Amino acid sequence: MQLRPRNKIINPKTSNSIPSTSLPPISKVSTATPPTDFDITKLKMEQQQDTVILDKIKEIKQDPTTLSYEVVDGLLYKIAPRKSAKNIKLPYLPQSMIPRVMAAYHDHPTSGHFGIRRTWHKLKDRYFWSNMMSTIENYIKSCEKCAKFNIRRTKAPGKLHPITPSEGIFETIGMDFWGPTPHPSTEGNRYVLVVTDYLSKYVIAKAMPNNTAATTAQFIVEDVILKYGVPRKLITDQGSHFKNELMGSITRLCGCKHVFATTYHPQTNGQVERFNATFYPQLAELHDENVNDWDAYLTACVVAYNTGVHATTGYSPFQLMFARQPVLPFDAPKAVIVLTKPNDYWTQINRLMNSYKRSVKYNINYQQQLTKRRYDKGRANPIYHPGDLVFIKQHGKRPKFGELYSGPYKVIQQQHPLAYLVEDEESSIQEQVHVSRIQPVDQK
């Protein structure tokens with residue numbers, strides 16, 4: 001490609017040249033960039049084959065008083081008003097030349113694949129054609145390199161879909177690992193396995209030396225199922241310690257539905273992630289870094305959390321779990337103890353728990369709606385259909401000049417309002433992705 005620098009807009013009455021996009025030769029220019037030939041002879045030839053321009057020239061000849069266009073030496077110009085200067089004459093670009101001009105002012109190395117605003121300002125005082133801004137927008141949106149490498153400056157798409165509160169305590173629980181710590185504790189632990197009940201917010205946590213499938217299975221059986229009963233739904237990520245044959249056998253035998261969060265979207269299991277962010281600073285404040293005994297304080301941190309009033313429910317997790325106020329180590333002992341008949345106590349407990357659950361569900365729903373309104377504001381909610389082509393955002397470590405998005409992938413089906421099953425067109429590998437990682441492929 002050869003381009004020449006353009007210094008100023010040339011008056012067509014005194015020159016046979018038009019704004020040129022030719023520059024000195026640039027080494028290593030991509031062969032994918034089309035050559036540009038925008039001299040006045042080429043432009044006039046292309047205009048004479050464009051029916052829209054021919055009709056416009058005929059219209060001007062019939063009514064020479066038309067002020068917004070002018071024909072000079074058989075070439076059609078647009079008279080464009082400018083605030084900071086007098087009117088300028090812009091060559092009316094025929095439809096056949098628009099793709100080449102767009103390639104020169106967007107794809108060429110001297111154009112740098114910049115965005116809509118920069119490209120518009122480069123072109124608006126050089127050429128004119130109908131729906132110019134719309135053409136620029138569509139061209140840049142359909143640029144594959146821009147789609148794969150550019151950083152998005154807007155909120156990730158996909159509106160919030162809160163998980164509906166369960167009907168009972170410990171019906172829906174979330175489970176996740178925290179860790180590893182840089183060094184093992186004095187007891188040899190590097191991980192914490194956390195379980196959170198979605199209704200009461202009650203937390204179970206245990207320090208672990210590793211995060212293997214066997215350790216996870218032993219914990220879910222001995223510390224959860226045998227103590228609190230079988231949950232109806234278990235939500236985890238797709239780590240190998242959760243997504244394996246052993247865990248699958250346990251959940252099937254117990255009749256527990258195991259739901260996996262979409263990869264790279266920890267908000268699906270946000271209840272557990274929230275506690276993980278809460279207890280870590282508490283352990284950091286309590287433990288002795290010289291001894292590295294953080295796991296000795298884990299149980300105390302969990303008790304402190306469970307006995308405190310939760311901002312969402314309005315009750316402490318302990319109160320909702322056991323239907324009574326916790327008696328803390330520093331509370332004064334009661335002077336009188338009242339014993340209730342078992343039948344009367346059961347009736348009171350049922351009445352109290354039903355009252356708790358109604359209040360808690362209302363409070364959770366109310367807080368979820370507040371959060372949803374804040375989260376959804378200014379956020380797109382795209383819908384994709386089977387057969388649509390999309391790019392997928394890449395996470396984790398990547399090369400300095402690596403693509404932000406890979407693909408294209410083909411949408412197979414919608415598995416959830418916010419999750420899609422997509423297939424790599426080259427390898428035919430399928431994966432489930434959250435809508436926040438999806439970028440549509442715009443066709444040119």
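Consider ILE349 against the criteria (1) at pLDDT below 90; (2) of a type in the set (A, V, I, L, M); (3) under 17 Å from THR263 (Cα atoms): it satisfies all of them except one. Which criterion is unmet?
Every listed condition holds for ILE349 apart from (3).
Would you confirm, using the coordinates I've provided, whether GLY188 is surrounded by fewer than 18 Cβ atoms within 10 Å (Cβ to Cβ), in contact with a Phe, Trp or Tyr (Cβ under 6 Å, 6 or more places away or on another chain), closer than 20 Å to ALA284 by Cβ and not polar (S, T, N, Q)?
no
Kindly evaluate LYS357 against the criterion of being surrounded by 15 or more Cβ atoms within 10 Å (Cβ to Cβ), over 30 Å from LYS141 (Cα atoms) and in contact with an Asp or Glu (Cβ under 9 Å, 6 or more places away or on another chain). Working first, answer last.
Values: surrounded by 15 or more Cβ atoms within 10 Å (Cβ to Cβ): yes; over 30 Å from LYS141 (Cα atoms): yes; in contact with an Asp or Glu (Cβ under 9 Å, 6 or more places away or on another chain): yes.
For LYS357, the condition - surrounded by 15 or more Cβ atoms within 10 Å (Cβ to Cβ), over 30 Å from LYS141 (Cα atoms) and in contact with an Asp or Glu (Cβ under 9 Å, 6 or more places away or on another chain) - is met.
When residues of segment 383-430 are filtered for being modelled with pLDDT of 90 or more and acidic (Asp, Glu), how many remain?
Going through segment 383-430 one residue at a time, the tally reaches 3.
Restricting attention to strands (runs of 3 or more DSSP E) lying wholly within segment 149-259, give those where 1 or more residues are free of Cβ contacts under 8 Å to residues at least 60 places away in the same chain and touching a strand residue (DSSP E or B) at 6+ places or on another chain (Cβ under 7 Å). Give the steps one after another, and end with the answer.
Working: elements: 172-178, 191-197, 203-208, 233-236.
Ranges flagged: 191-197, 203-208.
Select from segment 394-444 the residues that are free of Cβ contacts under 8 Å to residues at least 60 places away in the same chain and among the basic types (Lys, Arg) and write down the one among them that is surrounded by the fewest Cβ atoms within 10 Å (Cβ to Cβ).
Going through the qualifying residues, I end up with LYS400.
State the number of residues belonging to segment 218-255 that are of a type in the set (Phe, Trp, Tyr) and crowded, with 17+ Cβ neighbours inside 10 Å.
Residues flagged as of a type in the set (Phe, Trp, Tyr) and crowded, with 17+ Cβ neighbours inside 10 Å within segment 218-255 amount to 2.
Quick one: THR262 ticks every box in (1) more than 27 Å from GLN367 (Cβ to Cβ); (2) outside any helix (DSSP H, G or I); (3) touching a strand residue (DSSP E or B) at 6+ places or on another chain (Cβ under 8 Å) bar one, so which box is it?
Every condition holds for THR262 apart from (1).
Consider GLU187 carefully, then state whether it is assigned by the TED database to the domain that holds ASP107 and of a type in the set (Asp, Glu).
Spelling it out, it is not the case that GLU187 is assigned by the TED database to the domain that holds ASP107 and of a type in the set (Asp, Glu).
Just a yes or no: is a residue in segment 324-334 under 33 Å from the mean Cα position of the chain (by Cα) and surrounded by 12 or more Cβ atoms within 10 Å (Cβ to Cβ)?
Within segment 324-334, none of the residues are under 33 Å from the mean Cα position of the chain (by Cα) and surrounded by 12 or more Cβ atoms within 10 Å (Cβ to Cβ).
Being at pLDDT below 95, crowded, with 16+ Cβ neighbours inside 10 Å and on the phi > 0 side of the Ramachandran plot is true for just one of PHE170, PHE177. Which residue is that? Write out each step before concluding.
Details: PHE177 fails: on the phi > 0 side of the Ramachandran plot.
So the residue among PHE170, PHE177 that is at pLDDT below 95, crowded, with 16+ Cβ neighbours inside 10 Å and on the phi > 0 side of the Ramachandran plot is PHE170.
Just name the residue that is surrounded by the fewest Cβ atoms within 10 Å (Cβ to Cβ) out of those in segment 260-279 that are within 14 Å of the chain's Cα centre (by Cα), touching a residue at least 24 places away in the same chain (Cβ under 8 Å) and at negative phi.
PRO266
Within segment 336-444, which strands (runs of 3 or more DSSP E) (wholly inside it) include 1 or more residues that are of a type outside the set (S, T, N, Q) and closer than 30 Å to TYR202 by Cα?
405-416, 419-424, 430-434
What's the number of the condition TYR198 fails, among (1) under 22 Å from PRO281 (Cα atoms); (2) buried (at least 17 other Cβ atoms within 10 Å of the Cβ)?
Among (1) under 22 Å from PRO281 (Cα atoms); (2) buried (at least 17 other Cβ atoms within 10 Å of the Cβ), TYR198 violates only (1).
Given the conditions (1) without any contact (Cβ under 8 Å) to a residue 60 or more places away in the chain; (2) closer than 30 Å to THR172 by Cα, and given that ILE364 satisfies all but one, which numbered condition is not satisfied?
(1)
For (1) under 21 Å from THR268 (Cα atoms); (2) basic (Lys, Arg), each residue gets a yes or a no:
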| position | (1), (2) |
| --- | --- |
| SER316 | no, no |
| ARG324 | no, yes |
| SER359 | no, no |
| LYS372 | yes, yes |
| HIS395 | yes, no |
| GLN413 | yes, no |
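The values are calculated or read from the model by the stated rules, or taken from the named source; none is laboratory data. Bear in mind the structure is a predicted one, so any value in this text is a computation, not a measurement. So basically every Cβ, Gly included, is an ideal-geometry build from the backbone, and we count neighbours across all protein chains shown.
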